[in-house]
Amino acid sequence: MSKTTHSPDKEPVVTAQLAAEHGLKPDEYASMLESVGRTPTLTELGIYSVMWSEHCSYKSSRVWLKQLPTTAPWVICGPGENAGVIDIGDGQAAIFKMESHNHPSFIEPYQGAATGVGGILRDVFTMGARPVANLNALRFGEPSNPKTRHLVAGVVAGIGGYGNCVGVPTVGGETNFHKAYNGNCLVNAMTVGVAQTDKIFYSKAAGVGKPVVYVGSKTGRDGIHGATMSSAEFTEDSEAKRPTVQVGDPFTEKLLIEACLELMATDAIVAIQDMGAAGLTSSSVEMAGKGGLGIDLDLDAVPQREAGMTPYEIMLSESQERMLMILEPGREEEAKRIFDKWELDFAVIGKLTDNGRMVIRMHGATWCDVELAPLFDKAPLYHRPTEPTPPQAEIAASEAPLKASARDTLLALMGTPDLASRRWIWEQYDSQVGADTVIGPGGDAALVRVHGTPKALAMTTDCTPRYCHADPVRGGAQAVAEAYRNLITVGALPLAITDNMNFGNPEKPRIMGQFAGCIEGMADACRVLDFPVVSGNVSLYNETNGEGILPTPAIGGVGLLKDSTLAIGSGFKNAGDVVLLFGDTKGHVGQSLYLREVHGREEGAPPPVDLAAERRAGDLVRGLIEGRRLTACHDLADGGLAVGLAEMALRGKHGVALTGLDGADAGLLFGEDQGRYLVTVAAADVAAVTDAATAAGVPVTPLGTVGGDALTGLGGGALALADLRTVHEGWLPGYMAGDAA
Amino acid sequence: MKSAVIVFPGSNCERDIAVALEQVSGHKTFHAWHRDTDLPEVDVIAVPGGFSYGDYLRCGAMAANSPVMRVVKERAAKGVKVIGVCNGFQILTEAGLLPGALIRNQSLKYICKTVDLKVENTDSAFTRNYTLGQHIGIPVGHGEGNYVADEETLKRLEGEGRVAFRYTDADGVVNAAGNPNGATNNIAGIFNETRTVLGMMPHPERAFDPQHGNTDGRALFTSLLESLS
């Protein structure tokens with residue numbers, strides 16, 4: 001490394017103009033000047049600008065996020081730490097979170113998505129958990145958009161490239177296409193890990209004089225200003241931001257997981273935090289700040305990949321696969337031996353102090369000497385104006401009659417972009433490493449055993465953005481309810497969620513109104529379903545050239561199944577089983593995929609969610625699965641009843657003879673009424689199951705019998721599974737191979 | 001049956017295969033670190049799946065030259081059974097314990113799914129509990145599983161009955177439709193000359209217990225147990 005030395009007096013003088021270029025608004029810069037008490041150095045400006053960015057400070061969303069329920073007897077740690085922690089019994093905890101990497105993925109899809117996975121993995125193992133599963137929630141532009149194919153290919157390869165190498169199975173997720181994402185795709189990655197409840201690590205530093213230790217990859221110039229980039233709208237020149245995207249190294253991440261978990265088995269760590277957005281800055285500020293302490297950093301000691309880096313660059317770098325720890329004094333050698341074994345850098349780069357200041361030294365000079373507290377205490381907090389979304393008209397099923405036979409309509413729908421099989425995507429993910437995956441991708445919820453125990457964790461990601469756009473309150477509630485429902489279908493008790501709030505520019509009242517509405521709906525659903533939020537992430541400014549995305553509060557749900565052998569799948573299992581529908585069908589076609597795909601109308605009010613009924617149906621289904629009364633279960637969502645039946649048939653490789661549906665209208669067949677499950681039961685159990693449903697106050701409708709190799713009893717004649725499969729499986733591979741969208 | 005599994009820093013299937021070995025044998029599997037220069041006396045050595053040293057260059061090329069692989073080669077020469085799965089298969093070819101090489105899948109994409117296989121030879125410690133020609137399903141998960149070898153090598157492998165498993169379609173027919181990665185002659189697994197070393201791309205440890213949805217991999221482990229006890 002060259003011996004370039006920098007000195008603070010050669011750096012640009014900080015001005016209001018330079019502060020504005022760092023994304024600080026005039027009043028924010030004024031507030032910074034007041035806190036610092038003099039003209040800041042460039043390094044100080046850099047640190048303030050990232051800590052006060054939307055990405056790190058949640059300045060637009062904090063006031064709303066407080067409305068979400070975050071507690072329950074099983075919640076060990078709610079929002080505010082690296083990830084949420086829930087008790088899963090036997091001294092074990094599940095630790096999980098979902099996080100977005102939208103902007104980087106749009107600019108550089110492979111690395112953007114890969115490092116999104118890397119970042120969320122670190123958030124989880126930072127807390128002492130071994131990651132056991134990854135999921136994701138992806139939204140792309142419409143298929144006919146010239147960029148969509150490239151983004152799908154890159155994002156999927158990036159998620160796989162990272163997750164497959166670190167050896168964490170990618171077990172579930174969801175993917176949608178919509179023109180609102182043409183200029184701004186969404187890549188939300190979720191990790192679930194398992195820890196011992198007495199071995200959970202937090203980021204709060206304690207102990208004046210204790211060493212600050214840097215481990216992992218060396219620091220380079222990649223990702224500088226990533227957090228700031230994520231806090232502004234995209235424009236035509238966003239391609240020029242490619243250098244702000246980080247580059248991932250999953251092999252190093254794997255080493256880092258193993259080394260950290262090995263060190264965590266000792267009691268040498270006081271606090272630990274990954275270097276995510278805003279890298280060394282946010283990790284050091286958060287650790288010292290939470291502990292009410294100060295921190296002295298010697299940047300000459302930071303392992304560096306490139307020669308001649310300035311303190312500004314080192315503090316703002318978002319190089320991946322790095323962690324910051326506070327160690328117990330005297331344990332450095334022991335810790336270093338572990339990192340040597342895994343061939344990772346290990347450096348003592350500073351110490352905790354009692355003066356409440358952040359002091360940064362390099363090349364014999366002081367580059368930053370500011371009070372720590374204002375970096376988070378005085379971060380801007382905005383009560384931004386909100387404008388409610390106008391209510392949409394309820395659309396009657398009679399307004400949207402079938403245009404073809406039920407059979408032909410179903411066949412066509414099953415091959416549309418939002419309903420076609422995602423096999424092309426998930427076969428590129430290792431969904432089985434760990435050998436504990438009981439239900440992998442392609443089911444309603446994934447199910448992964450807690451290694452060496454009878455227990456299993458169920459997990460899912462869900463959101464219906466077109467509902468949220470039409471009615472944020474209903475849409476927010478629906479996203480939570482659908483996650484709940486998906487966990488129920490495999491027999492799990494839904495425990496908690498993580499939320500990934502993806503929205504447009506919060507400075508626009510209409511967008512902030514969407515945010516507030518979704519939070520309201522989510523909060524209602526969380527309360528009624530006993531399904532609190534334990535972690536989350538907010539991604540705003542998802543706009544390009546002034547066009548916002550659909551409001552997308554992606555929900556990651558986690559549930560517990562005490563005995564994994566109770567789990568059932570969502571495919572028809574046995575010929576002769578009887579198909580029952582639980583829940584009420586009114587025939588709600590507003591905002592349905594049917595209305596959009598068949599009538600070209602993305603209109604109307606989305607289906608309401610009756611949360612009390614949701615809870616009743618959920619408890620009923622879970623009880624029946626625990627009693628081994630059901631043989632398969634599938635919730636009804638996009639596409640409604642007919643699509644649900646087709647999916648069960650395809651997944652189970654059995655047909656079904658339907659009764660009472662010939663002549664049914666579009667509302668009954670394709671309406672998207674909420675709170676419904678399709679279940680199958682052995683013929684001998686029909687009476688008992690029907691009685692149980694009736695006793696629980698859940699409407700039950702028999703629909704037919706499993707068997708054969710076709711769906712029969714729909715208007716328009718038999719629909720052979722082979723034909724259905726060809727259409728359903730054919731769209732995505734064909735599209736990715738270059739077929740016209 | 002005593003067993004060891006070789007652990008490289010980027011291995012990620014070592015626990016999975018150890019679970020299978022331990023469940024059939026009742027003995028704890030020894031985990032050997034890549035820098036180890038010796039191994040305990042064992043009957044079976046497993047080289048597991050994963051990304052040995054990141055595999056950013058040629059898969060398994062660095063691992064083949066690691067200290068522990070010298071010991072594996074010595075033991076293999078003495079007839080100790082060696083099974084390499086996925087990355088393990090790649091490493092065994094790079095180490096010269098098996099002929100040929102595994103190159104990028106023809107699709108250029110990573111592929112994870114259960115594939116159909118035909119058991120081509122049951123006269124080995126690894127396959128004796130299968131029936132000849134048996135049609136089984138075992139998951140694969142790899143980006144570089146496309147088996148290639150020169151013509152002379154292929155002729156020998158085929159002529160000497162050293163193809164252990166071949167990819168088939170859902171009806172059990174060996175054809176292009178059933179080939180997930182473009183492997184020459186649909187080869188999914190091969191033996192060395194003495195059939196004491198097996199390399200295979202599919203993961204038998206992922207089709208081991210009923211909750212995997214399929215137990216077709218189990219016979220491989222019970223074969224080892226019976227032939228070694």
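Counting only alpha carbon atoms, the long axis of helix A:721-736 and the longest principal axis of chain A meet at about 30°.
Inter-part distance, region A:38-70 to region A:77-146, computed on C-alpha centroids, equals 21 Å. Among the trypsin sites (Lys or Arg not before Pro) in region B:13-54, those located in a DSSP loop and surrounded by at most 12 other Cβ atoms within 10 Å of their own Cβ are B:LYS28, B:ARG35. An oblate overall shape is assigned to region A:569-737, the ratio a/c of its alpha-carbon gyration tensor axes (a ≥ b ≥ c) being 1.5 or greater and a/b not exceeding b/c.
Among the listed pairs A:LYS147/A:LYS218; A:LYS97/A:LYS204; A:LYS97/A:LYS147; A:LYS199/A:LYS351; A:LYS97/A:LYS508, which have their C-alpha atoms separated by more than 26 angstrom in this model? In this structure, A:LYS147/A:LYS218; A:LYS97/A:LYS147; A:LYS97/A:LYS508 lie more than 26 Å apart at Cα. Within the straight-line cut-off of under 17 Å between alpha carbons, the lysines reachable from B:LYS78 are B:LYS2, sequence neighbours fewer than 8 places apart in one chain being disregarded.
Other protein chain C-beta atoms within 10 Å of residue C-beta, averaged over A:628-639: 0. Report, to the nearest 10°, how far helix A:472-489 tilts away from the longest principal axis of the Cα atoms in chain A, using its own Cα long axis and a range of 0 to 90°. Its long axis makes an angle of about 70 degrees.
Peptides A:207-213, A:16-22, ordered by how many other C-beta atoms sit within 10 Å of their residues on average, highest first, read A:207-213, A:16-22. Under 21 Å of direct C-alpha separation, and excluding same-chain neighbours fewer than eight residues apart, B:LYS155 reaches these lysines: B:LYS118.
Residue by residue along B:1-12, Cβ atoms of other protein chains within 10 Å of the local Cβ number 3 on average.
Please work out the C-alpha center-to-center distance from region A:548-605 to region A:711-733 and express it in whole Å. Using only Cα atoms to place each centre, the spacing works out to 19 Å. Sequentially through region A:271-284, phi angles give Karplus couplings (6.51, -1.76, 1.60; θ = phi - 60°) of 7, 8, 8, 7, 9, x, 4, 6, x, 5, 4, 5, 5, 6 Hz, Gly and Pro residues having no value and appearing as x. Rounded, prolate or oblate: which one fits region A:55-95, using the alpha carbon gyration tensor with axes a ≥ b ≥ c (rounded when a/c is under 1.5, else prolate when a/b beats b/c, else oblate)? Oblate. The phi torsions of region B:149-160, fed into the Karplus equation with coefficients 6.51, -1.76 and 1.60 and a -60° offset, translate into couplings of 7, 6, 4, 4, 4, 4, 4, 5, 4, 5, x, 9 Hz, rounded to whole numbers, with Gly and Pro shown as x.
Annotation: amide H-H contacts under 5 Å for A:SER539 (H modelled 1.01 Å from N, sequence separation of 5 or more, or interchain): A:MET501, A:ASN502, A:PHE503.
Per-residue ellipticity at 222 nm computed for chain B from its helices equals -6500 deg cm²/dmol, with DSSP H segments shorter than 4 residues left out and the rest contributing -39,500 (n - 2.57). Taking θ as phi - 60° and the Karplus parameters 6.51, -1.76 and 1.60, the scalar couplings of region A:52-63 work out to 9, 6, 3, 4, 8, 9, 6, 5, 8, 9, 3, 5 Hz in sequence order, x denoting glycine and proline.
Amide H contacts of B:ASN146 (H built 1.01 Å from N, in plane; Pro and chain starts excluded): B:ILE103, B:ASN105 sit under 5 Å, all sequence-distant by 5 or more or on other chains. Here region B:3-228 carries DSSP beta bridges of which approximately 60% are antiparallel, counting only pairs with both residues inside. Judged by the mean number of other Cβ atoms found within 10 Å, the most tightly packed of the peptides B:166-179, A:710-723, A:94-107 leads the ranking A:94-107, A:710-723, B:166-179.
Between the Cα long axis of helix A:332-341 and the first principal axis of chain A there is an angle of about 50°, rounded to the nearest 10. Taking each of A:LYS341/B:LYS73; B:LYS81/B:LYS109; B:LYS28/B:LYS73; A:LYS66/A:LYS210 in turn, the alpha-carbon distance tops 27 angstrom for B:LYS81/B:LYS109; A:LYS66/A:LYS210. Under the combined filter of DSSP loop state and at most 15 neighbouring Cβ atoms within 10 Å, region A:128-175 retains these trypsin sites (Lys or Arg not before Pro): A:LYS147.
For chain A, what does the helix formula give at 222 nm: sum of -39500 (n - 2.57) over DSSP H segments with n ≥ 4, over the residue count, nearest 500 deg cm²/dmol?
Theoretical 222 nm ellipticity from helices: -10000 deg cm²/dmol.
Look at where the Cα atoms of region A:634-706 and of region A:430-497 average out, and the two centres are 20 Å apart.
Shielding value for A:154-166 is 3, the average number of Cβ atoms from other chains within 10 Å of each residue's Cβ.
Judged by the gyration tensor of its Cα atoms, with axes a ≥ b ≥ c, the protein assembly as shown is oblate; a/c meets the 1.5 cut and b/c is at least as large as a/b. Each peptide in A:690-703, B:136-149 gets a packing score, the mean of other Cβ atoms within 10 Å over its residues, and the list from highest to lowest is B:136-149, A:690-703.
Each value in this text was obtained by applying a stated rule to the coordinates, not by laboratory testing. Only a predicted model underlies this, so the values are computations on that prediction, with no experimental measurement involved. As a convention, Cβ positions derive from the backbone with ideal geometry for all residues, glycine included, and neighbour counts pool all protein chains shown.
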